[in-house]
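None of the figures in this text is laboratory data; all of them are computed from the coordinates on show. Remember, it's a predicted structure, so these values are computed and weren't measured experimentally. All Cβ positions, glycine included, derive from the backbone under ideal geometry; neighbour counts span all protein chains shown.
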Amino acid sequence: MKARMVVDQAFRIAEIDNRIYGSFIEHLGRAVYGGIYEPAHSAADPEGFREDVKQLVRELNVPIIRYPGGNFVSGYNWEDGVGPVDQRPKRLELAWRTVEPNQVGTNEFMKWAKGVGSEVMMAVNLGTRGVDAARNLLEYCNHPGGSYWSDLRRKHGYEQPHKIKTWCLGNEMDGPWQIGQKTPVEYGRLAYETAKAMRLVDPTIELVSCGSSSTGMPSFPEWEAVTLDHTYDVADYVSLHQYYGNRDNDSANFLARTMDMEHFIHTVASTCDYIKAKKRSKKTMMLSFDEWNVWYHSNDSDAKLEPWSIGPPQLEDVYNFEDALLVGSMLITFLRHADRVKMACLAQLVNVIAPIMTENGGRAWKQTIFYPYLHASQYGRGVSLMPIVDSPKYDAQDYTDVPYLDSAVVFNEEAEEVTIFAVNRHLEEALELECDVRSFEGYRLAEHIVLEHADLKAVNTAAEEKVRPHSRGTAECSDGYVRGRLTKASWNVIRLS
Ligand code: AHR
């Protein structure tokens with residue numbers, strides 16, 4: 001089987017916003033307690049945060065991390081998590097039915113994030129709370145001093161403001177599972193008023209209006225149309241969330257799920273543009289895909305967990321090789337929509353549906369999905385180019401005309417590097433790729449990284465990393481063409497320089 005591509009410097013989609021390589025830490029399961037924070041661990045720093053975990057996060061070069069939720073934020077009193085640690089309350093946490101000890105809160109997390117080189121995308125509680133708590137939290141975090149909340153931060157040992165730029169106006173407020181779920185009109189009004197007050201405290205912030213929790217929500221895309229009618233002028237982004245699973249064990253269909261993601265992005269962008277036209281606005285609303293991943297492996301074991309413990313093993317999906325392929329395709333989808341998708345958060349980062357896992361008291365290790373995320377973050381910075389692809393196609397259970405070749409191309413002008421990201425979705429056959437790169441005169445092959453495995457269900461564990469990339473791909477570059485074999489069911493990173 002053969003696939004052809006044309007890549008040209010002139011086919012520019014947009015400059016990539018590096019924040020599409022963001023991630024997410026929620027107070028959920030062992031993400032915080034037993035994940036990033038484990039004071040009794042031999043690798044803990046003086047503040048109780050694990051150095052081995054920090055090292056893996058740094059390796060991923062994560063530009064922004066969403067915090068503290070997720071569903072958690074809709075019941076969170078941020079005041080519980082600041083001030084002397086020994087005086088902080090333990091609370092029943094209703095989203096995940098655990099006990100939240102509040103040993104880690106806003107200041108500790110901000111310090112941790114700074115240490116791993118990440119900015120924070122902070123979410124405010126629009127479930128049980130509203131305008132007042134949001135504007136107070138913003139004053140606490142961003143105001144330099146001379147007011148009640150900013151002086152309290154200074155009293156807590158943080159003289160300098162955190163200067164958090166990006167704020168989410170609540171989380172998944174369309175979902176019946178959300179504490180304090182809202183109708184679109186209720187949410188639109190509340191988000192608008194909250195945004196207005198927050199902008200009065202700090203006009204430099206950017207705000208994310210809540211979009212639908214998935215394409216499967218019955219209120220999608222009406223939710224976007226109604227809520228944005230209220231928030232269009234005060235928000236900079238609308239959020240998208242999407243998780244996929246392979247419950248029927250239909251891998252061809254599973255690997256085609258990004259067709260749904262494409263449809264999601266198109267529909268949300270179109271709805272934004274409809275509101276833009278309706279309002280005669282000059283502003284284009286950008287998209288923040290601030291939760292995305294594969295999530296289904298842990299559903300059954302989570303249903304059996306006893307409630308009210310601290311840091312239980314929740315949402316601990318162990319990812320297999322085919323999950324890494326879909327994660328690669330999801331990253332490719334963001335790159336092809338670099339003109340509208342400006343932020344994205346792999347949900348999540350540590351232990352909870354995560355690329356990084358830890359053993360309590362033991363090792364930190366890399367899941368299969370760590371690798372496509374690492375490669376995209378490493379080599380996917382610069383300008384996204386639109387590849388013209390001619391690929392054989394297949395029909396799957398839920399999608400027709402699915403190209404076997406899924407690809408995106410990034411041109412890093414500064415480093416003089418071109419990177420072709422490509423997934424071969426064919427489960428039995430290799431794809432012979434021929435890619436016209438004549439507009440990149442003088443470029444040569446630097447590396448062809450491949451992630452492949454004979455068993456789609458192969459997983460990594462703390463003891464053994466079965467799924468890991470190698471650089472023995474067969475691509476060659478000569479006479480302005482890249483030619484090479486994309487082995488069956490594989491993730492490929494072809495680098496030219
Ligand atoms: O990431 C796990 C959960 O998924 C988040 O808390 C929620 O926002 C979404 O439903």
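Helix 51-60 and the long axis of the chain differ in direction by around 50°, with both axes built from C-alpha atoms.
What percent antiparallel are the DSSP beta bridges of the chain, to the nearest 5? It would help to have the intermediate numbers written out before the result.
Numbers: 51 of 87 bridges.
Here the share of antiparallel DSSP bridges comes out near 60 percent.
Less than 11 Å Cβ to Cβ from residue 275, Lys/Arg counted +1 and Asp/Glu -1: what total charge do the surrounding residues give? Net charge in that neighbourhood comes out at +1.
Let's see if you can work this out: charge +1 on each Lys and Arg Cβ, -1 on each Asp and Glu Cβ, no other charges. What is the dipole magnitude of the range 213-253 about its Cα centre, in debye to the nearest 20? Intermediate results must be reported in sequence, preceding the final value.
On the way: 1 positive and 7 negative charges, 42 e Å.
With only Lys, Arg, Asp and Glu charged at Cβ, the dipole is about 200 debye.
Looking at the chain, the pairs of alpha carbons with a distance over 35 Å make up 32% of the total.
Couplings 3J(HN,Hα) of the range 67-73, computed from phi: 6, x, x, x, 3, 4, 5 Hz, in residue order, whole Hz [Karplus 6.51 cos²θ - 1.76 cosθ + 1.60, θ = phi - 60°; x for Gly and Pro].
Residues of the range 366-387 with the amide nitrogen closer than 20 Å to a label point 7 Å from the Cα of residue 463, along Cα-to-Cβ, please. Once the point is set 7 Å along Cα→Cβ of residue 463, 366-368 turn out to lie under 20 Å by backbone N, inside the range 366-387.
Around the amide H of residue 37, modelled in the peptide plane, lie the amide H atoms of 50, all under 5 Å away and 5 or more residues distant in sequence or on another chain.
Taken about its Cα centre, the chain carries a charge dipole of roughly 1000 debye when the Cβ of each Lys and Arg holds +1 and the Cβ of each Asp and Glu holds -1.
The aspartates and glutamates within cross-link reach of residue 282, meaning a Cα-to-Cα straight distance under 19 Å and a gap of 8 or more places when in the same chain, are 206, 224, 229, 233, 236, 273, 339. Helix 370-379 and the longest principal axis of the C-alpha atoms of the chain enclose an angle of approximately 80°.
Can you compute the FRET efficiency between residue 397 and residue 304 using 1/(1 + (r/R0)^6), with r the Cβ-Cβ distance and R0 = 22 Å? Round to the nearest 0.05.
0.15
Considering only 486, 368, 83, and ranking their Cα positions along the charge dipole of the chain that arises from unit charges at the beta-carbon of Lys, Arg, Asp and Glu, the one farthest toward the positive end is 83. Residues whose amide H lies under 5 Å from that of residue 119, counting only those 5 or more places away or on a different chain, are 64, 65; hydrogens are built 1.01 Å from N in the peptide plane. Okay, which of the range 123-153 sit inside 17 Å, backbone N to the point 7 Å along the Cα-Cβ direction of residue 196? Only 130-136 pass the distance filter.
The range 111-133 and the range 144-173 have Cα centres lying 9 Å from one another. A Cβ-based charge dipole, computed about the Cα centre of the range 303-445 with Lys and Arg at +1 and Asp and Glu at -1, lands at about 560 debye.
Over the Cα atoms of the range 361-497, the radius of gyration divided by the Kirkwood radius equals 0.99; this is the Rg/Rh ratio. Pairwise alpha-carbon distances in the range 314-405 exceed 21 Å for 44% of all pairs. Express in whole angstrom the spacing between the alpha-carbon centres of the range 22-99 and the range 431-497. Their Cα centres are 36 Å away from one another. Residues in the range 100-112 carry Karplus couplings, in order, of 9, x, 6, 6, 10, x, 3, 5, 5, 5, 4, 5, 4 Hz; the curve used is 6.51 cos²θ - 1.76 cosθ + 1.60 with θ = phi - 60°, and Gly or Pro positions show x. Rounded to the nearest whole Hz, the Karplus-based 3J(HN,Hα) values (6.51 cos²θ - 1.76 cosθ + 1.60, θ = phi - 60°) of the range 157-163 follow the sequence x, 10, 4, 8, x, 6, 6, with x at glycine and proline.
Backbone amide hydrogens, once placed in the peptide plane, bring residue 439 within less than 5 Å of 9, excluding anything fewer than 5 places away on its chain. Straight-line cross-link partners of residue 155 among the lysines, defined as a Cα under 19 Å from its Cα and at least 8 positions apart when in the same chain: 111, 163. Rounded to the nearest 500, the helix-only mean residue ellipticity at 222 nm of the chain stands at -7500 deg cm²/dmol, with each DSSP H run of n ≥ 4 adding -39,500 (n - 2.57). What pairs in 366/393; 304/457; 196/279; 278/342 have C-alpha atoms more than 26 Å from each other? In this structure, 366/393 exceed 26 Å between Cα atoms. Taking the Cα atoms only, what angle lies between the long axis of helix 222-231 and the longest principal axis of the chain, rounded to 10 degrees? Taking the Cα atoms of the chain, the angle to 222-231 is about 60 degrees.
Roughly what percent of Cα-Cα pairs across the range 94-185 reach past 15 Å? For the range 94-185, the share of Cα pairs beyond 15 Å comes to 67 percent.
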